[in-house]
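*Asks:* The structure is given below, and queries will be raised subsequently.
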Amino acid sequence: MRTIGNKIKNLRLQKGLTQEELGERTDLSKGYISQIEREISSPSIETLFSLLEVLGISARDFFDEEALNQKVVYTRDDVTSYADEERGYHVTWLIPESNEKEMEPVLLTLAANSSFKAYEPSGSETFVYVLQGNVTLALGRQIFRAKQGETFYYKASEIHQLRNESATEAKLLVTATDSYL
């Protein structure tokens, strides 16, 4: 069982806050935040609720061990799939609710001579690893090609689309930030 101080520290780090920043947002000193995290001091109920509000978690979830435990292993039962037979692609979301996370990993299968959806420019960074076949990336006016074992990594700052212009199926592992898949 994790301690209150340890839980506060983990939540603070998840939010990307320093002790000083958390202290400023709660009118507490950096030193006091440090003492709470190291279990040297215990916060009052009022102080704890103030910390939890800034950290974006309810008291109920804070004390619920299940809610704070992160899921690490995902199985086949967790995936969601969608196939567009007309366009010739099949996409499998490998992580449930991945569009709510910082990265969205999907397995994309492109039939021979098919393409995935074209996307408008975004702030996303995209990683594509070619597991099988040959793939073309149209990024703005530029065309890039990769084959099995090769990788695309790009900022999605222009209209972009993944295509399979070959006569055989292609399989890709695609991970995008700022979910848009």
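*Asks:* With the full set of protein chains in place, find how many percent of the accessible area of region 117-179 is carbon and sulfur; take the probe as 1.4 Å.
*Replies:* 49
*Asks:* Just the number please: accessible area per residue for region 21-61, 1.4 Å probe, all protein chains included, in Å².
*Replies:* That works out to 63 Å² for each residue.
*Asks:* Give me the extension gain from Ala167 to Glu53: residue separation times 0.36 nm, minus the current Cα-Cα distance, reported in nm with one decimal.
*Replies:* Here the segment from Ala167 to Glu53 would lengthen by 35.5 nm.
*Asks:* Give, as a single signed number, the net charge of other residues whose beta carbon lies under 15 Å from the beta carbon of Ala83, with Lys and Arg counted +1 and Asp and Glu -1.
*Replies:* Computed value for this residue: -1.
*Asks:* Which FRET efficiency, nearest 0.05, do Glu20 and Thr151 yield, Cβ-Cβ r, R0 22 Å?
*Replies:* After rounding to 0.05, the efficiency reads 0.05.
*Asks:* Moving on. With a cut-off of 18 Å, note down the residues of region 124-166 whose backbone N falls inside the zone around a label point 7 Å from the Cα of Ser81 toward its beta carbon.
*Replies:* The answer is 131-132, whose backbone nitrogens lie closer than 18 Å to the label point.
*Asks:* Using alpha-carbon positions, what is the distance between the centroids of region 15-61 and region 92-131, in Å?
*Replies:* 37
*Asks:* Give me Rg/Rg_expected for the chain, where Rg uses Cα atoms only and Rg_expected = 2.2 N^0.38 Å with N residues.
*Replies:* 1.40
The values are calculated or read from the model by the stated rules, or taken from the named source; none is laboratory data. Every value quoted in this text rests on a predicted model; they were computed, and no experiment measured them. In this analysis, Cβ positions are derived from the backbone assuming ideal geometry, glycine residues included, and neighbour counts consider all displayed protein chains. When the accessible area is computed, the model is the full protein with side chains, heavy atoms only, and any ligands, DNA or RNA have been set aside. Shrake-Rupley method; radii C 1.70, N 1.55, O 1.52, S 1.80 Å.
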